[in-house]
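A quick write-up on the structure given underneath.
The values are calculated or read from the model by the stated rules, or taken from the named source; none is laboratory data. All of these numbers come straight from a predicted model, not from anything done at the bench. Because the Cβ atoms are built from the backbone with ideal geometry, glycine has one as well, and the counts that use them run over all protein chains shown.
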Amino acid sequence: MKITEDIKISDNGFVFNSRTGDSFNLNPFALELMKNIEAEKSFDQIKAEVMEKYDIDDLSFEKDFYEFCALLKHHQIVLQDNPLDFK
Amino acid sequence: MTKITYEKPVISKITAGIPSKFGLPTRQKFIPDIDGIPVEMIMEEYGSPVFVLSEKTMRNTFAQAKQAFETRYPKVQFAWSYKTNYLDAVCSIFHDQGAWAEVVSAFEFQKALSLGVNGSNILFNGPEKSEEDLKLAIEHNACIHIDHFDELYLLIKVTRELDKKARVAIRINLDAGIYPIWDRFGFNYENGEAWNAINRIMLAEKLDLIGLHTHIGTYIMSANAYAVAASKLANLYMATHRKFDYWLKYIDLGGGFASKNTLKGAYMPGTETCPSFDEYAEAISNALISSEIPHENLPVLFLETGRALIDDAGYLLTTVLANKRSTTGRRTMVIDAGVNLLFTSFWYNLGVYPTRQLSSHLEESTIYGPLCMNIDVIRDAINFPQVKTGEKLVIERVGAYNMTQWMQFITFRPNVVMIDLERKMHIVRKKENLDTLTSLEQNPKR
Ligand SMILES: Cc1ncc(COP(=O)(O)O)c(C=O)c1O
């Protein structure tokens, strides 16, 4: 999963997509995840760090993470693979 | 090392130019308890979903309404509108506070009798009264509010056959300056039909005309509409006196006061826009007192207030079943209470609240009920915090019409619990089970 080049993320959680003109707000934890995604960490790596730091179980986090990723795709913040590729 | 409290990641699109409605505080309201009893505890005891009624709120609301009118007008009598909520426990509380019964079917009539209401304290409204129903009403000396000429002639025939007098009033429809005009019920004022009906009744030997009735509609946001209606009925009241040298006993202005719910499509919340009991009372009392009617002959003012007396006292407690994202990325949530239980969700943007302070980050969401039906939407758009499955929610102001217009559909209707003045909980209607439903069925042997 890769954040597109059109995306600018500020340190206070403001996101701007220069291709679509849309802007977004992130809550602090979403910002932290974005930074991790930007750093191209794998899901497992992110999960391990989150579980270490936060009071959350693995399944709840996994569910939230993928819901968040789906929204990033929906807002064209990360590149969408062809969903019918069934890779 | 203690861990940091987790909060779900949220991304929200900034939509410029659309300020949050009413600049409402972003602080989320929550309802932890009802009359001091924690919501969690009620649900543990009685399941989910569950309707809860507060006797305290019912009594307080009734007392406010009564005071608003009694401090402005000498003779006031409320009649509890059964169709609004005819659970025995609910009707009994209103009767205990002095309300008569306003019924619109033989079923409701019998319910009132079974609760010990004296037949002469029952107002029998509605277009559906069979010959048998009319006989029942005459036997019990009820006030029959005649809806149309066919009913009037049927009643003349029945009273002749029984050789008994009937106490009657007529339902009148009129232009009170509001839309829509409910002209499908009763006799019209403006075209003279109501006056014709009065004249015909005054000629009928066995009909005692004692009142004039109107019900201009429901959720009427204009107190002035009642003043217009009251003045028109006052004109007929005086005309009847002039022509027949006879004083009618009452003017009944029906129901229709708005509850504090917010109508769909309304820009401001109902709590801000609905007239108070005082405003309605002021308008009505002024209109009657400043009419031509001499003070010593002022009629008793009847009111059949329904929703405004009970909506606030009813809650529906529900549980979050699932969180989803629609194909447009919109947040949606499924709860275990559907439109089959919440008829008023077709009308109102019902208030849905968590029981505790959750994340302050709100996201526009759609709340679906659990039915496997596309129409099962409790709220199309509500700013709501993130919640996990199993979270308990409270839907407020559902005391009116839901517990009568609910549908048994797909699943059982839930428990209805009442919290009494001593904060004791009572089941006032049991959750249905398979037997409740199949006991009415018959399966032909093949
Ligand atoms: C004749 C009559 N009276 C009273 C009511 C109660 O109305 P509301 O709940 O709007 O006060 C109704 C409701 O439709 C009605 O038809």
Item to check | Candidates B:30, B:94, filtered to the one that is part of a loop (DSSP other than H, G, I, E, B) and either in contact (Cβ under 8 Å) with a residue 12 or more places away in the chain or hydroxyl-bearing (Ser, Thr, Tyr) (or both) | outcome: B:30
Checklist entry - Of the residues in segment B:148-192, how many are over 19 Å from residue B:134 (Cα atoms), buried (at least 18 other Cβ atoms within 10 Å of the Cβ) and of a type outside the set (A, V, I, L, M, F, W, C)? => result 2
Next on the checklist: surrounded by fewer than 20 Cβ atoms within 10 Å (Cβ to Cβ), at pLDDT below 95 and more than 14 Å from every other protein chain (Cβ to nearest Cβ): is that true of residue B:27 in this structure?
Outcome noted: yes
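Would you confirm whether any residue within segment B:313-335 is more than 30 Å from residue A:60 (Cα to Cα) and of a type in the set (S, T, N, Q)? Please lay out each step first, then the result.
Taking segment B:313-335 and keeping what is more than 30 Å from residue A:60 (Cα to Cα), we get B:313-315.
Filter once more, keeping what is of a type in the set (S, T, N, Q): none.
No, there is no match, as no residue in segment B:313-335 is more than 30 Å from residue A:60 (Cα to Cα) and of a type in the set (S, T, N, Q).
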Checklist entry - Which residue pairs have Cβ atoms under 8 Å apart, sit 6 or more places apart or on different chains, and have a first residue in segment B:242-261 that is assigned by TED's automatic domain parsing to the domain that holds residue B:279 and of a type in the set (D, E, K, R) and a second that is within 11 Å of the ligand (Cβ to nearest atom) and in a loop (DSSP other than H, G, I, E, B)? => result B:252/B:214; B:252/B:304
Item to check | Residue check, residue B:422 within 28 Å of residue B:85 (Cβ to Cβ) and without any contact (Cβ under 8 Å) to a residue 12 or more places away in the chain | outcome: yes
Item to check | Residues located in segment B:263-283, provided they are within 16 Å of the ligand (Cβ to nearest atom) and within 17 Å of the chain's Cα centre (by Cα) | outcome: B:263, B:270, B:274, B:275, B:276, B:277, B:280
Item to check | Candidates B:349, B:286 - the one that is more than 16 Å from the ligand (Cβ to nearest atom) and in contact with a Gly (Cβ under 9 Å, 6 or more places away or on another chain) | outcome: B:349
Checklist entry - Just wondering, is there one or more residues in segment B:292-304 that are assigned to a loop (DSSP other than H, G, I, E, B), in the same structural domain as residue B:125 (by TED's automatic domain parsing), touching a Pro at 6+ places or on another chain (Cβ under 9 Å) and over 30 Å from residue B:34 (Cα atoms)? => result yes
Checklist entry - Out of all the residues in segment B:261-272, is one or more crowded, with 20+ Cβ neighbours inside 10 Å and assigned to a loop (DSSP other than H, G, I, E, B)? => result yes
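Do the conditions hold for residue B:213, that is, is it more than 13 Å from the ligand (Cβ to nearest atom) and modelled with pLDDT of 95 or more?
It is false that residue B:213 is more than 13 Å from the ligand (Cβ to nearest atom) and modelled with pLDDT of 95 or more.
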Next on the checklist: So if I check each of B:75, B:66, which one is more than 13 Å from the ligand (Cβ to nearest atom), touching a strand residue (DSSP E or B) at 6+ places or on another chain (Cβ under 6 Å) and away from every other protein chain (no Cβ under 14 Å)?
Outcome noted: B:75
Next on the checklist: Going by what's in this entry, would residue A:53 be described as within 10 Å of chain B (Cβ to nearest Cβ) and surrounded by 13 or more Cβ atoms within 10 Å (Cβ to Cβ)?
Outcome noted: yes
Checklist outcome for this item: Considering segment B:289-311, residues that are under 25 Å from the mean Cα position of the chain (by Cα) and away from the ligand (no atom under 13 Å from the Cβ), and then whichever is farthest from the other protein chains (Cβ to nearest Cβ), we arrive at B:300
Checklist entry - Quick one: is residue B:382 more than 16 Å from the ligand (Cβ to nearest atom), crowded, with 21+ Cβ neighbours inside 10 Å and under 15 Å from residue B:318 (Cβ atoms)? => result no
Next on the checklist: As an exercise: evaluate residue A:62 against (1) charged (D, E, K, R); (2) facing chain B (nearest Cβ under 10 Å); (3) closer than 21 Å to residue B:385 by Cα and give the number of the one condition it does not meet.
Outcome noted: (2)
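Which members of segment B:113-147 meet the condition of being within 14 Å of the ligand (Cβ to nearest atom) and surrounded by 15 or more Cβ atoms within 10 Å (Cβ to Cβ)?
Of everything in segment B:113-147, those that are within 14 Å of the ligand (Cβ to nearest atom) and surrounded by 15 or more Cβ atoms within 10 Å (Cβ to Cβ) turn out to be B:122, B:123, B:124, B:125, B:126, B:129, B:143, B:144, B:145, B:146, B:147.
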Item to check | Verdict on residue B:83 being at pLDDT 95 or above, in a helix (DSSP H, G or I) and more than 12 Å from the ligand (Cβ to nearest atom) | outcome: no
